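Reading through the structure tokens given below for one structure.
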Amino acid sequence: MTDLTPPGDRRAPGLRLHPRTMPVQSAQAQLAGILIEWQTEHGLTNIEACTVLAEELRSLLKYPLRAERHPDDPNRKADEA
């Protein structure tokens, strides 16, 4: 196996994780637990829970998409030319 460490890099060889990796993984695990409790509390099937989550994501992304496509007029719908 070839050592791909750049010349002059004095860090020990091996896997180096970005500082945000572990906090993000921890948040993901916590969210998974919350979602399982929520799904169970409401008696939702996996498909129903995914549908609700997908709709919420769509709703959260609506205005950022408009702003990306129409930076000078984010009130225009994303599909408008």
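The values are calculated or read from the model by the stated rules, or taken from the named source; none is laboratory data. The model shown is predicted, which means the values in this text are computed figures rather than measured ones. Quick reminder, even Gly has a Cβ in these numbers, built from the backbone with ideal geometry, and neighbours come from all protein chains shown.
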For segment 11-32, pairs from a residue that is assigned to a loop (DSSP other than H, G, I, E, B) to a residue that is not aliphatic (A, V, I, L, M), with Cβ under 7 Å and 6 or more apart or across chains, are PRO13/ASP3; PRO13/THR5
Pair list, Cβ under 8 Å, 6 or more apart: segment 39-50 residue at pLDDT 95 or above, other residue surrounded by fewer than 10 Cβ atoms within 10 Å (Cβ to Cβ): GLN39/ASN46
Kindly indicate which of HIS70, HIS18 is in contact with a Lys or Arg (Cβ under 7 Å, 6 or more places away or on another chain) and modelled with pLDDT of 90 or more. HIS70
Go through LEU53, LEU35 for me and flag whichever is surrounded by 10 or more Cβ atoms within 10 Å (Cβ to Cβ), under 30 Å from ARG76 (Cβ atoms), at pLDDT 95 or above and not aromatic (Phe, Trp, Tyr). LEU53
